[in-house]
Structures are given as structure tokens and as C-alpha cells.
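Read through the structure below, which is laid out as C-alpha cells, and then see the notes.
The values are calculated or read from the model by the stated rules, or taken from the named source; none is laboratory data. The structure displayed is predicted, hence computed values, not measured ones. Reconstructed Cβ throughout: ideal geometry from the backbone, glycine too, with neighbour counts over all protein chains shown.
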Amino acid sequence: MKFSLLALALSCPTLHAQNSGADDDIAALVADMTTAEKYSILNGVGFATKIQLSGYYVGNEPAVERLNIPSIKMQDAAQGFRTTDERMVGEVTAWPCSLAAAGAWDVALMEDWGHALGKEHRTKGANVILGPSVNVHRVAKGGRNAEYLSGESPKLGEEMVRSYVRGVQEEGVMAVVKHFALNNQENNRNTVDSHADERTMQEVYFLPFKAAVDEGVASFMCSYNLVNGTHSCGNEDLLQRDLKDRMGFEGFVMSDWWAVHDAGYQNAGLDMDMPGDDGYFSSDNLDASDEGRIDDMATRVLTQMKKVGLLGIGDSPAKFPNLCDIPNDCDDLYFNATATSPSHSSLALSIATQSVALLKNSDSVLPITGPKTIAVVGSACDAGNNISAMLKVWDLGNYYVMGGSGRVIAADPVSIVRGLKEGAGDSITIIESTTDNLDEALTAMEGADVVVTCGATTSTEGHDRDSLLVDQDDFITSLVEASTIPSVVLLNTPGATVTSNFSGKATAVLNMFLGGQVTGTAWSNIIYGVESPSGKLPVTFLKSEDDAVEPCSENPCVYDEKLEVGWRGLIEKDVDFCFGHGLSYTEFDYDIKSNDGLKFELSVENTGKTAGREVVQLYVTYPEAEDAPPVDLKGFKKTGLLQPGQSELVQFNIDSDDLRSWSVSVGDFVTVPGDFKIEFASSSRDARATATVTI
Ligand SMILES: *[C@@H]1O[C@H](CO)[C@@H](O)[C@H](O)[C@H]1NC(C)=O
Ligand SMILES: *[C@@H]1O[C@H](CO)[C@@H](O)[C@H](O)[C@H]1NC(C)=O
Ligand SMILES: *[C@@H]1O[C@H](CO)[C@@H](O)[C@H](O)[C@H]1NC(C)=O
Ligand SMILES: *[C@@H]1O[C@H](CO)[C@@H](O)[C@H](O)[C@H]1NC(C)=O
């Protein structure tokens, strides 16, 4: 009773009208806190190699023991539980990168992944995952594109972020959507000043973030870059107006690591300074004169902790009991707990397998069934995994995992050649030559029926890729030109890739974004036809690097392509493999069965000879008008596994909000009247059924 009375007293308006979603319990709790206790949950404890090694997490806020508030323990993210120490390698799953997971286009699979990520973090004692990363790819060379699960499409991002956040948070772990906003390149990431017009922000870059808000994401991370001349973390238009007021975000905003440059950021909408050693949100610097704002900041943090089940209130215990507190008792979990499991490895395998996009398959060279002799040639087929080298250099990636904070070092990743050997069975013979020496390769190919060669490259946080070619481009190009037997090219990449030097001559080309520990096993599933490929490209494979938007090297960095981001700016261009493209070992027929307003029912039939899954994509062309947005992806559905002759009824219920457009004068999305062309398609350039809806 005492608590609810206090809460009543506190629900009086404070200086700021806030929207933290606070309930009476949290209001009472905040009222009980001393100023120092409030400050302690708004400022990280700092970051130093020494602190991390003694068992702190990547980010930490101390517990308030007196009030039973557990410590907040944060760890990255993009490929699983970040391996900051040698002892963790092998204890956690080295998952495929987030872009691979998105490239499977399967919302249920993404949600399963969210649950698994949440469980691994929790097993390791963490209660915050510093993901998902959702920025829509603007710059094809973007160093963190492998983390950014939207690919080139806000709609893909919206669907994926919802599943991810739901899965993670149902496990008692707070998700942090990042990096808000316009963090579209890694070169000069602390100084680049991104300028996009309001409509472009609203219709492209904000959408996956807004979906996270709608899903109830606990936290936002503001980015390193500037937006319109002001650093994101101190940008009131961005954090207070766009995020909190317009999108209605009730959770807390934390800074990216060392992205705070002034204590005054607390008045721009920033709630938490991370990792905290810059001291801007320390008791010396936070401005307590606006007590309402300090209470709002604390309330936002505690409300989200309660919502995911981390806080016990009154007599009811926390749904997810606290497993340890920094600084004294997390070491055993952090360094010793085994968080991976056989079921997580097999989920990783499903994700990696389903993420493979079959880009070309002439003469149905794939799948390879015996009896056959396969020459496996090229160094990337036997990619190394130098653990000690990676432990020394935080941003070193390889062909399994990207570098940077999202990196999870795999203990013993399955190379492509190992996977192909393990999956070969009795009737397949493998001859290997795992160097990039053409003569050795040609020798290995004598007597072989087919040659499999591998191309790969990696990327890292902190700088963008120098090139969109795979590192073995020359070797592969010479090989496919010299080959007299069918050639299959397998690619492991961190994003958009230019394959045009070899893709014309190669018999088959396939792409898997960095696949983590199960890489070779997933390839084996695809190459031998254990599964039919069902991934689709979430990015464009360009004909030439010249077609890509380069990272800005000077300010301001003006997004003058506006809405024509990624594939939407390339519609008139010849590309190697378009957005949404991905073949199967079977064929599908589409047939619109019914249409009622914005509701469609579509029959998808497997008309080929093997089982497979299809990703049906829904593209919308707006009514013709001077300022009409370009065609866009507005929905997709992945079918279940369809046997030959089997069909599935796929429902699409187009959200009328998706057919609106941002009006700068109204300051909101507005209805666009007219006829919309609806295309159900197997890729952005392969429509199979069309309809019209009128708004
Ligand atoms: C950025 O500038 C544009 C154009 O002046 C303006 O419409 C938009 O509101 C600004 N956004 C932010 C977050 O500053
Ligand atoms: C980890 O486990 C080992 C072996 O059981 C034990 O000796 C060690 O103290 C544990 N480490 C921590 C940090 O608890
Ligand atoms: C791994 O990297 C280290 C440098 O950190 C190097 O000395 C060592 O030779 C490398 N090992 C292999 C197998 O390449
Ligand atoms: C491969 O492509 C790149 C970029 O388009 C080009 O600069 C290079 O000359 C090509 N190499 C060959 C062997 O054609």
C-alpha cells in the first residue's frame, strides 16, 4: 500500500511530459532511490581491458542491492555472445552473421534464433544483448553490413527486427536496436555528418527502428556519426522528437561506446552513457536541477527491466532471477558456462543452409549426386581460423566471422572442403587442391566430373571494405575460363559482392553470407541436395563497383539518392544478381486465388521434381505522381517445405500503413490515393502474378 500511495503522489506532471510507460511499482521504486542510486544506473562503470578480464561484461551498471535491482550486464551481439576471452571460444555458438539470418527470409527461423541468442546471453549471466543492428544498407562496402539485418530493404528489416526482439526478450534479455541513426558507413564513423531529408529518414531509414519500438524493444543505441550537423547521441530532433515523441519509444537510449561528447546530452533524450568512463553522466556532471528528467531516465531503464522479467517487485519475484552481479560474482558464468548446445548448432545449421542463395545453376549442375568425382580447389575452400591472432586483434575477421564487436570466434569451424568430404557418402570422390595455384588446380581437375571453387572476403567494424570483389577473384576468373568441366563457385561474403568477372562463365554460383561454425556443413547440405536452396539476396550483386554508393569522405554526407537506396536506385541498371534473387532446385507456380481489398490469397505450387521452399515477395508500385516513391518491397512469405506437386495457400494482408507516404508539411504519414500495382514475385525482377488495389 505504501508503494501505491507514493506512486499516486509521483504521477503528478513533472517538468517534461514523458512517455516512459511507467507503472505505479516503478514510480514507487524510483521514489525510493537516492540521487546517487539513480545516477548509478545511468552511467556505465567504465571500460578497460583490465576490467573486462576480471569478469565484467562489455557494458555494466552496478546493482542497487538495497532495492533488489540487479546489475545490468551487456554483451555484443551480431553473431552471438561476443568472445572477449579465449576461455569463451567454443562455449558459445559462432552463429552465421545477422545478414545471413535475414537472408533466409524466414520470420519464424529468426524468432527461434532470437530465443537461442537470448538463452546464450542469459546462460553467460548477461541480461542485455547489444543487438539487433538494423541500418538499411546504403553503402555497399559498409564494414558492418554483415551485421545489419535489413539488407537494402526497410520491410525485410521490419519483419526481422520484430522476430529477433520478441525471441530475445522472451528469454529475459533486453534487446538494443542500433545504431540510431544514419550510421551507414564505417569510414570516418565518428565524424561523418549524414544529411538525409526528413521523408527519406521516415520512409527508409527509420522504419526498422520503428518496428522495434512497436515490438517493445527495451533500448536504442545512438550512433557515432552526426545527423544534420549534430552527433546522434546529442541530437534532440532525433532522440526526443523523432524517436520518443513521434515514434512513441518508452524505453531507454544508450550511447554507442564513447559516443557522448557533452553532459548536456541528457537534455537531448540520451538516458545512459556507455561505457561510462568518459564521466559525462557521472554524479559530477549530470545536471540534477531537472529532477523530472533524472527520474524519467531511471524510470525508463527500470520499466524495461521489469517488462522483460528482470525485476522482482514487492512480494513477486523476478520471472528471470538474477544469476550474478558485477563486480564480484559473474566470472564463473562469463568464463566457464557452456551456453552452446547441440540444438543450437543444429539451429545454426538450419539458418546457414536456408540462407544460401543459388544465383545461377546452368544445366542443373547442382545438386551433385553420385557417382561423381569432384575437384575442390582454391584456398578459400579450406579457410583458416587463427584463434590466437584474432584474440590479439579485436577487429580481425576471417571467412567464417566478421571482425569487430560483433565477432564470435569459432573453436573449430567446418571448412568447405571438410564439409563436402563429410557429406560425400560412398559414391562421391573428392580430390582437393586448396591453394590458389591454377596449375595445381588444373591437375586436380583431371578426371573430375565437376570443379567446386571457393571465393570469400571478410569485413570489420571501423572501416569499410576496400573492394566488392572476393579476395580470390583473379584465381576464380582464370579457373572458370580454363575449365573444361562444369564449374561451381561458392561464395562466403559479408555483403554485396561483384562477381561479374567470373559469373558469366561459371556453371553455377551460390552465396552464403559469413556462416560461422557450420559453414562447410551448410554448403554440403546444399551441394548434395540434402536441402534445396531457399535464400534470396537481401542486397544487390552489382555488375560493377562503380554502380555502388561510395562511403563519404567529406562532409556533409548528403543522401542525395533519397528514396532510391540500394536496389531501388538500380532498377534501370544491368546488375549481376538482383535484390530478392535466389533460385531453387525445383520450380514454383504462383496463382492468385482470392483478393478482398488488401487481402490476398495466393497458391504456390511446387511444379518441379524435388522438395523445396519459396520466398514469395510482394512489390508495390505507387500511383503515378510527381513525388511517388519508387517501387518497393512491402511483404514476403516463406512457404513450408513443399513436396513435388504440393501447394500452399499463402496469405498476404497488406498493411494500409505500408501504402502511405511521409508528408513533411503534415509531419506524419498520409494516405496516397489511387491505383497501386501489386506484384507477387520470386525476385525484384521476376514478377509471377499481378493485381491492382485502389485506395
Ligand atoms: C535534418 O534536416 C532535415 C532537413 O532540414 C529536417 O527535415 C530533419 O527534420 C532534420 N532531422 C534531424 C533528426 O535533425
Ligand atoms: C572455472 O572452472 C574451473 C574448473 O572447474 C575453476 O577452477 C575456475 O575457478 C573457474 N573459474 C572461475 C572464474 O570461476
Ligand atoms: C596465427 O597468427 C599468429 C600471429 O598472431 C602467427 O604467428 C601464426 O603463425 C598464425 N598461425 C597460423 C597457423 O597461421
Ligand atoms: C575484375 O573486376 C574488377 C572490377 O570490376 C576489374 O577492375 C578487374 O579488371 C577485373 N578483373 C579481370 C581479370 O577481368
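Looking at 363, 439, 382, which one is within 16 Å of ligand 3 (Cβ to nearest atom), modelled with pLDDT of 95 or more and of a type in the set (Asp, Glu)?
Details: 363 fails: within 16 Å of ligand 3 (Cβ to nearest atom); 439 fails: within 16 Å of ligand 3 (Cβ to nearest atom).
Step by step, each of 363, 439, 382 is checked, and only 382 is within 16 Å of ligand 3 (Cβ to nearest atom), modelled with pLDDT of 95 or more and of a type in the set (Asp, Glu).
Output the qualifying pairs, or none if there are none: Cβ atoms under 6 angstrom, residues six or more apart or on different chains, first residue in the range 499-525 and closer than 13 Å to residue 100 by Cβ and in the same structural domain as residue 485 (by TED's automatic domain parsing), second residue in a helix (DSSP H, G or I) and of a type in the set (Val, Ile, Thr).
Cβ pairs passing all conditions: 522/353; 523/416.
For residue 355, all conditions in the list (1) more than 27 Å from residue 58 (Cα to Cα); (2) surrounded by fewer than 20 Cβ atoms within 10 Å (Cβ to Cβ); (3) polar (S, T, N, Q) hold save one; what is the number of the exception?
It is condition (2) that residue 355 fails.
For the range 161-175, give me each residue that is surrounded by fewer than 21 Cβ atoms within 10 Å (Cβ to Cβ) and in a helix (DSSP H, G or I).
Hit for the range 161-175 is 166, nothing else.
Among the numbered criteria (1) under 28 Å from the mean Cα position of the chain (by Cα); (2) more than 16 Å from ligand 4 (Cβ to nearest atom); (3) buried (at least 16 other Cβ atoms within 10 Å of the Cβ), which one does residue 412 miss?
Result: residue 412 fails condition (3) only.
Residue 26 - would you say it is at pLDDT below 95 and either part of a helix (DSSP H, G or I) or under 30 Å from residue 535 (Cα atoms) (or both)?
no
Using the structure shown, decide if residue 495 is in contact with a Leu (Cβ under 7 Å, 6 or more places away or on another chain), in the same structural domain as residue 409 (by TED's automatic domain parsing) and not β-branched (Val, Ile, Thr).
Yes.
Is there a residue in the range 405-422 that is in a helix (DSSP H, G or I), out of contact with any Asp or Glu (no Cβ under 8 Å at 6 or more places or on another chain) and within 16 Å of ligand 3 (Cβ to nearest atom)?
no
Does residue 145 count as in contact with a Phe, Trp or Tyr (Cβ under 6 Å, 6 or more places away or on another chain), of a type outside the set (Phe, Trp, Tyr) and closer than 17 Å to residue 406 by Cβ?
Judged against the criteria, residue 145 is not a match.
List every residue pair whose Cβ atoms lie under 7 Å apart, where the two residues are 6 or more positions apart in sequence or sit on different chains, the first residue falls within the range 406-431 and is in the same structural domain as residue 393 (by TED's automatic domain parsing), and the second residue, located anywhere, is among the small types (Gly, Ala, Ser) and part of a strand (DSSP E or B).
Correct list of pairs: 431/375.
Name, by its number, the condition in (1) among the small types (Gly, Ala, Ser); (2) closer than 22 Å to residue 465 by Cα; (3) over 24 Å from the mean Cα position of the chain (by Cα) that does not hold for residue 625.
(2)
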